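Visitor: The structure is given below, and queries will be raised subsequently.
The values are calculated or read from the model by the stated rules, or taken from the named source; none is laboratory data. This one's a predicted model, so the numbers in the text were calculated from it and none came from an experiment. For neighbour counting, all protein chains shown are included, and Cβ atoms are generated from backbone atoms with ideal geometry for every residue, glycine included.
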């Protein structure tokens, strides 16, 4: 993100939560489909999120904000996953440029409040057109209440593992993008093993 303005597309992630979900998916799918599941490919995952959030091919800029607890140094089930190394890194794809920032939850605030404040910071910028939010289920209610304060002209999408009680935003299932980033194909999942 350059210093003059904000990206039009923002992804705000509870990195500790999504890492736990990735771990659970790896363990469960290895058992179900009988093969080793690799760590999630972080660039591939963020591309899938962006597509699910409505982004289309082009010269887009996407700011990815990974919020994590102070005792977390990495997302262990993602490659790359080290927060310190990810901060300020970027990659380009057919969707545009994805720029990573990492934010540590300091003792002065709670995850819930920092997450809400971060969402509102971006939502209040006129340049921002699209916000994609991946919250921990435990802070979903705060996110839903915060999303109610986002202008309707901004496309807001909240990702969770199951449909959640509504709000004035779109919802997508988080597991689909993670499965794609781990190389799990739909035809590998046999109904008799679910």
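Visitor: Of all residues in region 152-164, how many are in contact with a helix residue (DSSP H, G or I) (Cβ under 7 Å, 6 or more places away or on another chain), free of Cβ contacts under 8 Å to residues at least 40 places away in the same chain and surrounded by fewer than 17 Cβ atoms within 10 Å (Cβ to Cβ)?
Guide: Matching residues across region 152-164 total 1.
Visitor: Moving on to the next point. How many residues does region 1-34 contain that are out of contact with any helix residue (DSSP H, G or I) (no Cβ under 8 Å at 6 or more places or on another chain) and more than 16 Å from residue 78 (Cβ to Cβ)?
Guide: Summing the residues that are out of contact with any helix residue (DSSP H, G or I) (no Cβ under 8 Å at 6 or more places or on another chain) and more than 16 Å from residue 78 (Cβ to Cβ) in region 1-34 gives 11.
Visitor: Looking at region 154-161, is at least one residue under 19 Å from residue 44 (Cβ atoms) and at pLDDT 95 or above?
Guide: yes
Visitor: If you don't mind, there's one more thing I want to ask. Being farther than 30 Å from residue 30 by Cβ, in contact (Cβ under 8 Å) with a residue 24 or more places away in the chain, outside any loop (DSSP other than H, G, I, E, B) and over 16 Å from the mean Cα position of the chain (by Cα) narrows it down to one residue among 104, 146, 118; which is it?
Guide: Values: 104 fails: over 16 Å from the mean Cα position of the chain (by Cα); 118 fails: over 16 Å from the mean Cα position of the chain (by Cα).
Result of the check over 104, 146, 118: 146.
Visitor: Does residue 54 fit the bill of being in contact (Cβ under 8 Å) with a residue 40 or more places away in the chain and assigned to a loop (DSSP other than H, G, I, E, B)? Break it down stepwise before answering.
Guide: Numbers: in contact (Cβ under 8 Å) with a residue 40 or more places away in the chain: yes; assigned to a loop (DSSP other than H, G, I, E, B): yes.
Taking the combined requirement at face value, the residue satisfies it.
Visitor: Give the residue, chosen from 152, 97, 112, 127, that is in a strand (DSSP E or B) and over 15 Å from the mean Cα position of the chain (by Cα).
Guide: Values: 152 fails: in a strand (DSSP E or B); 112 fails: in a strand (DSSP E or B); 127 fails: in a strand (DSSP E or B).
Of 152, 97, 112, 127, the one residue that is in a strand (DSSP E or B) and over 15 Å from the mean Cα position of the chain (by Cα) is 97.
Visitor: Looking at region 81-94, which of its residues are part of a helix (DSSP H, G or I) and within 17 Å of the chain's Cα centre (by Cα)?
Guide: Within region 81-94, the first condition is being part of a helix (DSSP H, G or I), and the residues that meet it are 83-86.
Those that are part of a helix (DSSP H, G or I) and within 17 Å of the chain's Cα centre (by Cα): 83, 86.
Visitor: Additional query: Given the residues 184, 133, which is the only one that is crowded, with 20+ Cβ neighbours inside 10 Å and out of contact with any strand residue (DSSP E or B) (no Cβ under 9 Å at 6 or more places or on another chain)? Spell out the reasoning first.
Guide: Numbers: 133 fails: out of contact with any strand residue (DSSP E or B) (no Cβ under 9 Å at 6 or more places or on another chain).
Matching residue, one of 184, 133: 184.
Visitor: Next question, about the same structure. In region 162-194, how many are over 14 Å from the mean Cα position of the chain (by Cα), modelled with pLDDT of 90 or more and either part of a helix (DSSP H, G or I) or on the phi > 0 side of the Ramachandran plot (or both)?
Guide: Qualifying residue count for the region: 1.
Visitor: Can you name the condition, by its number, that residue 75 falls short on among (1) surrounded by 16 or more Cβ atoms within 10 Å (Cβ to Cβ); (2) touching a strand residue (DSSP E or B) at 6+ places or on another chain (Cβ under 7 Å); (3) over 23 Å from residue 147 (Cα atoms)?
Guide: All conditions pass for residue 75, except number (2).
Visitor: Go through (1) buried (at least 18 other Cβ atoms within 10 Å of the Cβ); (2) at pLDDT 95 or above one by one and return the number of the condition residue 111 breaks.
Guide: Every listed condition holds for residue 111 apart from (2).
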